[in-house]
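The values are calculated or read from the model by the stated rules, or taken from the named source; none is laboratory data. Computed from a prediction, not measured in an experiment: that's the story for all the values here. Cβ placement follows ideal geometry from the backbone for every residue including glycine, while neighbour counts extend to all protein chains displayed.
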Amino acid sequence: MITYNTINVRQPAISHRELNKWIRNVAASYGRKVGELAYVFCDDEKILEVNRQYLNHDFYTDIITFDYCEDDVVNGDVFISLDTVRSNSEEQGTDYEEELRRVIIHGVLHLCGIDDKGPGEREIMEAAEDKALAMWT
């Protein structure tokens with residue numbers, strides 16, 4: 001089950017049915033199935049609080065993913081700061097909805113085993129994001 005929750009923000013105007021189908025298809029392309037996946041859309045202050053509390057990081061970010069996967073089942077909590085998604089889309093000159101989809105699927109890709117912190121991993125993640133975005137219907 002995929003759920004969409006909000007803290008201090010309005011729910012983004014994006015079809016949950018289309019998102020659910022897309023997320024499941026992307027996970028399946030990595031040999032995974034979706035179990036319990038909870039998205040929490042929030043503001044910058046909430047994501048900073050989560051970052052400090054759980055990761056001991058004192059900075060803003062667009063996404064924090066908590067991985068509870070078991071075997072080939074994708075389970076997790078994905079916090080997304082809509083404030084940072086908006087500012088990133090403005091800075092990069094990209095469409096807000098496309099940037100939001102990129103961040104949404106970024107969390108799923110982490111849960112499918114793709115990292116982006118080590119040498120060369122960022123490029124692998126970006127290619128996986130592009131591939132997933134091409135699957136959006």
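The sole residue among Ile23, Ile64 that is in a helix (DSSP H, G or I), out of contact with any Pro (no Cβ under 9 Å at 6 or more places or on another chain) and either touching a residue at least 24 places away in the same chain (Cβ under 8 Å) or under 22 Å from Gly113 (Cα atoms) (or both) is Ile23. Considering Asp83, Asp67, the condition of being buried (at least 16 other Cβ atoms within 10 Å of the Cβ), at pLDDT 95 or above and acidic (Asp, Glu) is satisfied by Asp83 alone. Output yes when any residue across the range 33-41 is among the hydroxyl-bearing types (Ser, Thr, Tyr) and either part of a loop (DSSP other than H, G, I, E, B) or farther than 18 Å from Leu111 by Cβ (or both), and no when none is. The answer is no, given that none of the residues of the range 33-41 is among the hydroxyl-bearing types (Ser, Thr, Tyr) and either part of a loop (DSSP other than H, G, I, E, B) or farther than 18 Å from Leu111 by Cβ (or both).
Just to check your reading of the model, which residue among Val50, Val40, Val74 is closer than 18 Å to Asn25 by Cα, touching a strand residue (DSSP E or B) at 6+ places or on another chain (Cβ under 8 Å), at pLDDT 95 or above and of a type in the set (Val, Ile, Thr)? Working first, answer last.
Working: Val50 fails: closer than 18 Å to Asn25 by Cα; Val40 fails: closer than 18 Å to Asn25 by Cα.
When all the criteria are applied, what remains is Val74.
Residues of the range 21-72 that are among the hydroxyl-bearing types (Ser, Thr, Tyr) and touching a Gly at 6+ places or on another chain (Cβ under 9 Å): Tyr30, Tyr39, Thr65, Tyr68.
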